[in-house]
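Have a look at the structure below, then the notes.
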Amino acid sequence: MTDFYYDLHLHSCLSPCADNDMTPKNIAGMAYLKGLQIVALTDHNTCSNCPAFFKACKKYGIVPVAGMELTTAEEIHLICLFPTLKAAMKFDSVVRNHRTPIKNRPDIFGEQIIMDENDEITGYDVNLLSFATDLTLEDAYKAVDSFGGASYPAHIDREANGIIAILGSFPEEPAFSCVEIHDMTLVDALKKTNPIIKNKLVINSSDAHYLTDINEAVNSVALNCDISKANHIREKLVKNLIIKNNKVH
Ligand SMILES: [Zn+2]
Ligand SMILES: [Zn+2]
């Protein structure tokens, strides 16, 4: 088993709410400086910057994970992570058909910039990405699963777009294996009020919208894998997030 420092919730300049300095190359560089080994890009309702992120991470020896922070029809934020870039891009093309067709107003919501691995702008997403999709929580869980991915509710300790605040309590179904908790001092209290999360793996990621907010090397996950192969590490990680009753590291 090898421990890997991770941050699995980050927004690039494609998310309207994220800083334009959150370019794929800058994120990879900052993650390297912070000592992270596995980093997931999870923009709102899109994976369009994941191809550039993969190439940028390769230069820094970081294991990239292609992901998305999906907004469900209930306005719940769901972290979706995939074992391959290809699977993520296929999921992306499915989600595209479920977005609310509202045009972005960059002057109000922020720019949605698509880049290559050298931080050259290759386009803009004109559809406002922060809006809810019409995929229910159940639909989204099944869709991610059908592409071999792992999904789990984001920042369940938060009022805004947190599953507990929206549903009133943590649901039994879908049977999530993990939860993301932003403020780790709240873990015990959350387990008391929602005992169902006691046997779930707790993931703590930054939800960084600015480079300085990317996590330091504080959270790690132990994986039994060939450490010389990024795709093997990524596949093992995603599998680990799907398997139930994991231990928290
Ligand atoms: Zn969120
Ligand atoms: Zn987020």
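Rule-based calculations on the coordinates, nothing more; no lab input. Keep in mind that what you see is a predicted model, and the values were worked out from it rather than measured. Don't worry about glycine lacking a Cβ; one is built from the backbone with ideal geometry, like all the others, and counts go over all protein chains shown.
The conditions are (1) within 13 Å of ligand 2 (Cβ to nearest atom); (2) surrounded by fewer than 24 Cβ atoms within 10 Å (Cβ to Cβ), and K58 fails exactly one of them. Which is it?
Unmet condition: (1).
Suppose the filter is over 16 Å from the mean Cα position of the chain (by Cα) and away from ligand 2 (no atom under 16 Å from the Cβ); does D21 pass it?
Values: over 16 Å from the mean Cα position of the chain (by Cα): yes; away from ligand 2 (no atom under 16 Å from the Cβ): yes.
Judged against the criteria, D21 is a match.
For the stretch 1-18, enumerate the residues that are within 14 Å of ligand 2 (Cβ to nearest atom) and either over 13 Å from A52 (Cα atoms) or part of a strand (DSSP E or B) (or both).
Answer for the stretch 1-18, where residues must be within 14 Å of ligand 2 (Cβ to nearest atom) and either over 13 Å from A52 (Cα atoms) or part of a strand (DSSP E or B) (or both): D7, L8, H9, L10, H11, S15, P16, C17, A18.
State all residues of the stretch 137-177 that are within 15 Å of ligand 1 (Cβ to nearest atom) and either buried (at least 24 other Cβ atoms within 10 Å of the Cβ) or at positive phi (or both); if no residue qualifies, say none.
Within the stretch 137-177, A140, S151, Y152, P153, A154, H155, I156, N161, I163 meet the criteria.
All but one of (1) touching a residue at least 60 places away in the same chain (Cβ under 8 Å); (2) closer than 22 Å to T84 by Cβ hold for F176, so report the exception by its number.
F176 satisfies every listed condition except (1).
Could you go through the stretch 192-204 and let me know if any residue there is of a type in the set (K, R), within 16 Å of ligand 2 (Cβ to nearest atom) and over 23 Å from A88 (Cβ atoms).
No - not one qualifying residue is present in the stretch 192-204.
Quickly run through the stretch 126-137 and pick out the residues that are in a strand (DSSP E or B) and within 16 Å of ligand 2 (Cβ to nearest atom).
T133
Here is a yes/no grid of residues against (1) among the charged types (D, E, K, R); (2) farther than 18 Å from T212 by Cα:
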position	(1), (2)
M1	no, yes
Y6	no, no
A18	no, no
A28	no, no
C50	no, yes
E69	yes, yes
L85	no, yes
D92	yes, yes
V95	no, yes
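I'm told I166 meets every condition in (1) touching a Gly at 6+ places or on another chain (Cβ under 6 Å); (2) in contact (Cβ under 8 Å) with a residue 60 or more places away in the chain; (3) over 15 Å from S15 (Cα atoms) except one. Can you identify the failing condition by its number?
All conditions pass for I166, except number (1).
Quick one: D92 ticks every box in (1) buried (at least 24 other Cβ atoms within 10 Å of the Cβ); (2) within 16 Å of the chain's Cα centre (by Cα); (3) farther than 24 Å from R158 by Cβ; (4) not polar (S, T, N, Q) except a single one, so which number is it?
(1)
Could you tell me whether the stretch 26-34 includes any residue that is more than 14 Å from ligand 2 (Cβ to nearest atom) and free of Cβ contacts under 8 Å to residues at least 24 places away in the same chain? Let's see the steps before the verdict.
Looking only at the stretch 26-34, we keep the residues that are more than 14 Å from ligand 2 (Cβ to nearest atom), and these are 26, 28-34.
Imposing the further condition that a residue be free of Cβ contacts under 8 Å to residues at least 24 places away in the same chain reduces the set to 33.
Yes - at least one qualifying residue is present in the stretch 26-34.
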